[in-house]
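The values are calculated or read from the model by the stated rules, or taken from the named source; none is laboratory data. Small disclaimer: the values here were computed from a predicted structure and weren't measured. Cβ atoms come from the backbone with ideal geometry, glycine included; neighbour counts cover every protein chain shown.
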Amino acid sequence: MHFAYGSGGRILSGMTTQAQVSRLDGDAPHDAGSSSGRPAGMAMMFGSGLSNQVGAAVGALAFPLIGPVGVVAVRQWVAAVALAAVGRPRLRSFTWAQWRPVLALAVVFATMNLSLYTAIDRIGLGLAVTLEFLGPLSVALAASRRAVDLGCALLAGAAAVVLARPQPSTDYLGIGLGLLAAVCWASYILLNRTVGARVPGAQGPAAAAVVSGLLYVPIGLVLFVHRTPSAGALMHAATAGVLSSAVPFLADLLALRRVPARFFGLFMSVNPVLAALVGLVVLGQALGWVEWAAIAGIVAANALSVLAAARRTIR
C-alpha cells in the first residue's frame, strides 16, 4: 500500500498496482524488481518528494501578499489544467453514480489543500506535513490487528502528542488544521477506491481536480479584487501548482514502473523529513530536537508498518 496525494497536491491512487499504473498511460511497465530500473526509480521518487515539498515552500513565499487562500486558488487552477491534460476526463459521459464520489473527492481536494497551506502558514512546513502524514498512516494501521501494527499506531500516536504538547507558543489552530489535512488525506484514499472502481483510468482524479479548481474560481476572484496580487506572488503560486502536482504525478507514474509498490510506500516515509529540511533551507523554519524526534517517530512507524506488510505478502 502506498499513498501519493499529500503535501499539497500529489494525485495517484493510494492502492495503485503495477498493472493499474500501466493502464493509466497505456505503456507496458518495466520490470519493477530489476536492478537496472531500481536506481532510476529511486531517483524519480526522491525527485518527486523533493519537488512536492519545494513546491509547498515556494507557495508559502506568496503568503504575505495573497495569503494561503490565494495561493491555494492559483495552485488548484494550475493543477486542474495539468491533470485534465493527463487524465482527459470525459465529463459528459459520467453517470450520477460516477459523479457522486468524484464530487466528494473534489471537496476533499479543496479542503485538504486549504487546511494544509493554512497550517504551513501557522506552524511551518515540516510540522504541517508530518501531521498530515498521520492520515494515510492511520488508514494503513486501522485495517490491521497485528501486534507490530498496534505498536506502530502507539508510536505514531505518541509522536503526535509530542507535536501537539501544550506550550505557551503552541498554535492549536495550526495543529488542528494539520490534523484536518490528515483526515482529508485519509478520506481521499478511501474515496479514491470508489472512484477507481467506477471511473476508468485517471479520469476520476482529473475530473475531481477540475471541479476543485472551479470551486476556487469565485473565491479567488473575490480575494484578488480586494487584494490585488503581484506578478511575483502569482508566479510563486503557479510554481507551487506545477511542482506539487504535475511533476510528482508524472514522476510517481514512472517510478512505480521501476520499483515495487511496497518500496514506493516505504520511500514515502521520508516526506516529513524532506518537508522539515526544505522548510529550514527555503523558509528558515528551524525545529527543535523534540520536534525532530516526533517526526522520526512517525516516519519509523510508517516504515515498520510497510516492511511488516511486505513480509506478510512474501510469506
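Tabulated values for the structure
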read-out: Residue that is at pLDDT 90 or above and farther than 29 Å from Leu137 by Cα, where the choices are Gly26, Gly70, Gly55; value: Gly70
read-out: Given (1) closer than 21 Å to Asp121 by Cα; (2) in contact with a helix residue (DSSP H, G or I) (Cβ under 6 Å, 6 or more places away or on another chain), index of the condition Ile175 fails; value: (2)
read-out: Considering residues of the range 132-172 that are hydroxyl-bearing (Ser, Thr, Tyr) and part of a helix (DSSP H, G or I) only, the residue modelled with the lowest pLDDT; value: Ser138
read-out: Some residue of the range 102-125 being over 26 Å from Ala73 (Cβ atoms) and either without any contact (Cβ under 8 Å) to a residue 60 or more places away in the chain or among the aromatic types (Phe, Trp, Tyr) (or both); value: no
read-out: Where Ile175 falls short, out of the listed (1) buried (at least 19 other Cβ atoms within 10 Å of the Cβ); (2) in contact (Cβ under 8 Å) with a residue 60 or more places away in the chain; value: (2)
read-out: Filter result for Ala40 (assigned to a helix (DSSP H, G or I) and modelled with pLDDT of 85 or more); value: no
read-out: Condition check for Ala186: among the aliphatic types (A, V, I, L, M), at pLDDT 85 or above and out of contact with any Ser or Thr (no Cβ under 9 Å at 6 or more places or on another chain); value: no
read-out: Close pairs from the range 201-212: first of a type outside the set (Gly, Ala, Ser), partner in a helix (DSSP H, G or I) and modelled with pLDDT of 85 or more, Cβ under 6 Å, at least 6 apart; value: Val210/Ala80; Val210/Ala84; Val211/Ala106
read-out: Subset of the range 185-200 [assigned to a helix (DSSP H, G or I), out of contact with any Leu (no Cβ under 8 Å at 6 or more places or on another chain) and hydrophobic (A, V, I, L, M, F, W, C)]; value: Trp185, Ala186, Ile189, Leu190, Ala197
